[in-house]
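Contents: one structure, followed by commentary.
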Amino acid sequence: MTRLSLISILVGALAIAVRLPGVLAPATYRAVAVKFPRNVPVGRILMGIVAAIVWWVMYHAATDEWKWAQPLIFVGVPAAYLLVINFGTHYLPLRAVAALLLLIAKQMVDAADGASLTPLRLVVTVVAYLWVITAIWLTVAPHQFRDLLGYVMANDRRCRLACSTGIVVGLALVALGVFVY
């Protein structure tokens, strides 16, 4: 199994797992989704996950001539996390999701660039770049995303349609990972 295959399967499974409850129990999903942009405890947890990943990547990337930066990274990333969760609570979950999207998109592009020569690898690349655009939008204008989320989650039919679209994309990524890459 190649790295591109694994990334495609994992990202597809994540897309399915996040959206499947919206098809099966749309009323409950809608209630949770509409409250998500302002849910500070969830935002702190997600931002903690982001901080841990960033700390790990930065700490292990500081090699040779950057060895001197490791103590700064060791202290700086947790300090930045504490500052963000204490002073940047406005739409914190959306900004944490944006950071996760960027971290995952980097892995997707790296896997698609290095592994395969099939033109279908560009599907993963395009999805990754769409995630980057979404992450930028979530960070710059979270209130617009909140409004869009309110529109999409206005009734069960819209919720099911939006979640079904995400599930179809997830299934396509899983199928590409299993059968093509």
Which listed residue is assigned to a helix (DSSP H, G or I), of a type in the set (A, V, I, L, M), closer than 26 Å to residue 158 by Cβ and in contact with a Phe, Trp or Tyr (Cβ under 8 Å, 6 or more places away or on another chain), from 94, 46: 94
Criterion violated by residue 115 - all others in (1) at pLDDT 95 or above; (2) surrounded by 16 or more Cβ atoms within 10 Å (Cβ to Cβ); (3) of a type outside the set (Asp, Glu) satisfied: (1)
Any idea which of 89, 28 is of a type in the set (Val, Ile, Thr) and in a loop (DSSP other than H, G, I, E, B)? 89
Can you say whether residue 101 is touching a Phe, Trp or Tyr at 6+ places or on another chain (Cβ under 9 Å) and at pLDDT 95 or above, as far as the supplied structure shows? yes
Kindly provide the set of residues from segment 12-43 that are closer than 15 Å to residue 150 by Cβ and in contact with a Phe, Trp or Tyr (Cβ under 9 Å, 6 or more places away or on another chain), ordered by number. 22, 37, 38
Near pairs, Cβ below 7 angstrom, 6+ apart or cross-chain, from segment 94-113 (touching a residue at least 24 places away in the same chain (Cβ under 8 Å) and farther than 15 Å from residue 47 by Cβ) to any residue that is crowded, with 18+ Cβ neighbours inside 10 Å and of a type in the set (D, E, K, R): 112/121
So, residue 126, is that one free of Cβ contacts under 8 Å to residues at least 40 places away in the same chain, among the aliphatic types (A, V, I, L, M), surrounded by 16 or more Cβ atoms within 10 Å (Cβ to Cβ) and in a helix (DSSP H, G or I) or not? no
Sort out which residues of segment 61-82 are closer than 14 Å to residue 50 by Cβ and among the hydroxyl-bearing types (Ser, Thr, Tyr), and write them in order of number. 81
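The values are calculated or read from the model by the stated rules, or taken from the named source; none is laboratory data. Every value quoted in this text rests on a predicted model; they were computed, and no experiment measured them. Quick reminder, even Gly has a Cβ in these numbers, built from the backbone with ideal geometry, and neighbours come from all protein chains shown.
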